Amino acid sequence: MTLVQLRHFVVLAACGSYVQASKALFLTQPALTRSIQGLEDELGGALFNRLGRRITLSPLGTEVLQRAQRLVSDADALKQTGKEMHAGLSGQLRVGLSSAPGALLSVPLMQHMAQHHPRLHLEISRGNTGVLLHELREQKLDAAIVDTRSMRPSSDLEVTLAFELEAGFLARPDHPLAHTGRAVTLAELMEHPIASTPLSDEVARILMARYGPQANPDDLVTLRCDETLSIVDVARRSDAVVLTVLAVAADLVPLNVVPALNATARFGLVTLSRRQEAPALRIVREQLPGWVAAAQ
């Protein structure tokens, strides 16, 4: 017994005629007859009463029809689900976002899914790069967008769609350092609380190369938090200076620091290199460049 035979049986029962059913199924009548006879042989009885060219369901056919219809319907639904999942239209997508990507991309990602893929189950996890990469390796995430400078080289991870965002020291528009009329020094910055997310070793080296040993983040940063939006909000409400990506705080102003920092934050989409990707991840791949451009 095959699904094809059951489908032939359901269509024949609906049409009530081998001629009409053959046309509907794009089969020859002999081929349809062989299919139904094979099904009858396996079920052990006739499914139709044949009255000339007309046919009606036998008692066995009546009993089988409802179950056959359900099986055919379930198979069609399963096939459609497979197509939708392959197209990224349904199913589940689990994405990890580290601090700055989370601040920039969480809303655009959810908004796009709500508008264009309402049947897709999206789960966003927030955390630092190390935590998210661990969850990715444990296959609790399908992908993560993280600070690639904080990653150690690893053969099991693949980074694509890398992008950079300008970073700097930011403060509220009426901050005392925003109105000096001149460039400010690191010493002047350090007269105020400096807030940041945890910084990678590479960023630490850049800071110390620009400003000397006193720019070691362990000494420089007095307010440290994994959540970018929180430290930005602190800078809005106090004299704290925040070191972060400019795009996450359009209402703050970059401070003119000498020497200029001239640094960027580097992010990328990270997946497991030996794992088949979730079908819906293609949506993120298609949309991410546009979201980044809009944020900049």
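Summary table below
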{"quantity": "Residue tally, condition surrounded by 15 or more Cβ atoms within 10 Å (Cβ to Cβ) and either within 16 Å of ALA265 (Cβ to Cβ) or touching a residue at least 40 places away in the same chain (Cβ under 8 Å) (or both), over segment 178-224", "calculated": "21"}
{"quantity": "Segment 8-33 - residue that is free of Cβ contacts under 8 Å to residues at least 24 places away in the same chain and not in a helix (DSSP H, G or I) and, of those, farthest from the chain's Cα centre (by Cα)", "calculated": "THR28"}
{"quantity": "Counted residues, segment 162-214 - those being small (Gly, Ala, Ser) and within 29 Å of ALA294 (Cβ to Cβ)", "calculated": "8"}
{"quantity": "Selected residue (only one of LEU177, LEU229 is touching a helix residue (DSSP H, G or I) at 6+ places or on another chain (Cβ under 6 Å), more than 17 Å from ARG149 (Cβ to Cβ), assigned to a helix (DSSP H, G or I) and not charged (D, E, K, R))", "calculated": "LEU229"}
{"quantity": "Matching option when the condition is at pLDDT 95 or above and not in a helix (DSSP H, G or I), among VAL234, VAL242", "calculated": "VAL242"}
{"quantity": "Criterion (modelled with pLDDT of 95 or more, under 24 Å from GLY102 (Cα atoms), in the same structural domain as PRO101 (by TED's automatic domain parsing) and surrounded by fewer than 20 Cβ atoms within 10 Å (Cβ to Cβ)) met by exactly one of VAL159, VAL146", "calculated": "VAL159"}
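The values are calculated or read from the model by the stated rules, or taken from the named source; none is laboratory data. Bear in mind the structure is a predicted one, so any value in this text is a computation, not a measurement. No Cβ is skipped: glycine too gets one built from the backbone with ideal geometry, and neighbour counts run over all protein chains shown.
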